[in-house]
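Down below is the structure, laid out as structure tokens.
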Amino acid sequence: MYDLVVGEGLNLRKATIRLIAEGSTARSGKPWTRDNLRDRVMSTPVLDGVLVFRGKHAKNDENGDPIWGDSVRIELPRILTEEQSAELRRKVAETAKRSSGQRWFYPLSGRTVSLCGKTYAGISFTPTREGARFYRCSGNAPKDLGQKSCGCSRIDANALEEHVWKHVTEIASDSKKLQALAAEWIGIAEGDTVALADRIADLDQQIGGMNASIAAVIVASAKQSKSADAIEAATAVLNEELQQLQSLRDEATDWLTEMEETDRRTRDLIALASMAKKSFPGMTPEQQAAILSMLELKVTITGPVPDDRRGGVPCTVRAWYAVVGLGVPAARLSDEEWAKVAPLLPKGRRGTVRRSVDAIFYKARTGKSWPNVIKETGATIQASKHFNAWASDGTWSRVNAALEDVQQVPLPEIQLLPLMVIEGRVDPTAMLHAEERSRTGCR
């Protein structure tokens, strides 16, 4: 935790999330909670190397004297140096103040594996930009300053979480898909259960008859005053047949037990699908994280983040169109169309303003980064500055109003996500019966 808080600047809540994602548990074996982590690590034994037995919480009598004796101060080996303890205290207080208004949660931290083999963790690109949430590869910020950054691009957190959770919900809500995934341990026909139960009943009847036959032979042999060896010889064949029948019965019983367990799993899958349909869509990120933990979900990135979104910064132009709900001119403005908006804009020199307008529309249509837009349209960096100014003073709204008769296209969806593989364990018993875990799962 010292490394997370002091080294990486995480607050207690984010440190807790990281520990959970990495599989670290409290002494009880349960996942860490923020309060438990704070109480354990920010304690006197850890920070000061001292344990006070019968300390401030010890019971006192009516005179204020300790009932069970005086306090005992026990010196412990230090885990942190005095300087480290002071720094940890300072950082915990600092991050608590700084992050008091920040409540981002990243359920896929530690569960998403990058192309370089490291895991992604959630970050906020800037604390003041609403919705600016991303996953960053840990290889991009190596703890060893001598190591080179891996260069893996950020991934838009909202898009990734929505895609993964939609995938999980679709599978968990469909009992047929679940049963298809679980086919490796649900391969027994329903009618076989009845036939096997009849077989066990028939074997029980045969075993009963065989026991009766053996008893009859023993009685007859005893009446003839035969020796124990003679009685054993007379019943040897019958005992061997009895053993064979008992073995057959035991095997049939094992099969029936397995079938009954399979039937239960099938019912659990159907119940899980019913629960998922009702509950999954409205789950909070924290609740999603708990489900993903049960599913042992893992997301493996298999391709690069699309080039136009590698920086991980939201496109302000597309955001403007999304808010106002307008379409975008389908192509570069003709001279006639330009004449409609030119009076609304500054003149500029050598066509700079017109190139800026075409570049802004092009960026809205494609979602590409400004460097690529500038390269492909011949505009300059002034296009970005023009848009920010025109969007602020209402000029861009007037430009779009003047072009309402121009052919427009809806704001296209931009691919924000790389190719990926999503894996997990479909274990309905773990989710529906918390008191017991099924022995197998299905990926």
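Descriptive notes on the structure:
- Subset tally (residues that are among the small types (Gly, Ala, Ser) and open to solvent by less than 30 Å² (accessible area, probe 1.4 Å)) for the range 22-47: 2
- Filtering Val52, Val6 for residues that are among the hydrophobic types (A, V, I, L, M, F, W, C) and open to solvent by 50 Å² or more (accessible area, probe 1.4 Å) leaves a single hit, Val52.
- Within the range 339-366, residues that are within 20 Å of Gly394 (Cβ to Cβ) sit with their Cβ atoms under 7 Å from residues that are at pLDDT 90 or above and charged (D, E, K, R), at 6+ positions apart or across chains, in these pairs: Leu344/Arg398.
- Residues of the range 336-366 satisfying the condition of being in a helix (DSSP H, G or I), of a type outside the set (A, V, I, L, M) and farther than 16 Å from Lys385 by Cβ: Glu336, Glu337, Trp338, Lys340, Pro343, Phe361, Tyr362, Arg365, Thr366
- Restricting the range 135-149 to residues that are modelled with pLDDT of 85 or more and not in a helix (DSSP H, G or I), the residue that is most open to solvent (accessible area, probe 1.4 Å) is Arg136.
- Counting only helices (runs of 4 or more DSSP H) wholly contained in the range 1-110, the ones carrying 2 or more residues that are of a type in the set (Ser, Thr, Tyr) and farther than 30 Å from Thr300 by Cα occupy 82-98.
- In the range 390-408, of all residues being of a type in the set (A, V, I, L, M) and open to solvent by less than 50 Å² (accessible area, probe 1.4 Å), the one that is farthest from Pro329 (Cα to Cα) corresponds to Ala391.
- Looking only at the range 58-82, and only at residues there that are of a type in the set (D, E, K, R) and over 27 Å from Leu47 (Cα atoms), the one that is least open to solvent (accessible area, probe 1.4 Å): Asp61
- Selection of the range 410-419 for residues being in contact with a strand residue (DSSP E or B) (Cβ under 7 Å, 6 or more places away or on another chain) and either open to solvent by 40 Å² or more (accessible area, probe 1.4 Å) or free of Cβ contacts under 8 Å to residues at least 60 places away in the same chain (or both) yields Leu411, Leu416.
- Any hit, the range 79-100, residues being within 27 Å of Ser293 (Cα to Cα) and out of contact with any helix residue (DSSP H, G or I) (no Cβ under 9 Å at 6 or more places or on another chain): yes
- The listed residues are Val299, Val373, Val317, Val305, and the only one of them that is among the aliphatic types (A, V, I, L, M), in a strand (DSSP E or B) and under 30 Å from Cys152 (Cα atoms) turns out to be Val299.
- Looking only at the range 376-409, residues that are assigned to a loop (DSSP other than H, G, I, E, B) and in contact with a strand residue (DSSP E or B) (Cβ under 8 Å, 6 or more places away or on another chain) come to 3 in all.
The values are calculated or read from the model by the stated rules, or taken from the named source; none is laboratory data. Here the structure is a predicted model, which means the values were calculated and not measured. Please note: Cβ atoms are built from the backbone with ideal geometry, for glycine as well, and neighbour counts cover all protein chains shown. With ligands, DNA and RNA removed, areas are computed over all heavy atoms of the protein, side chains included. Shrake-Rupley method; radii C 1.70, N 1.55, O 1.52, S 1.80 Å.
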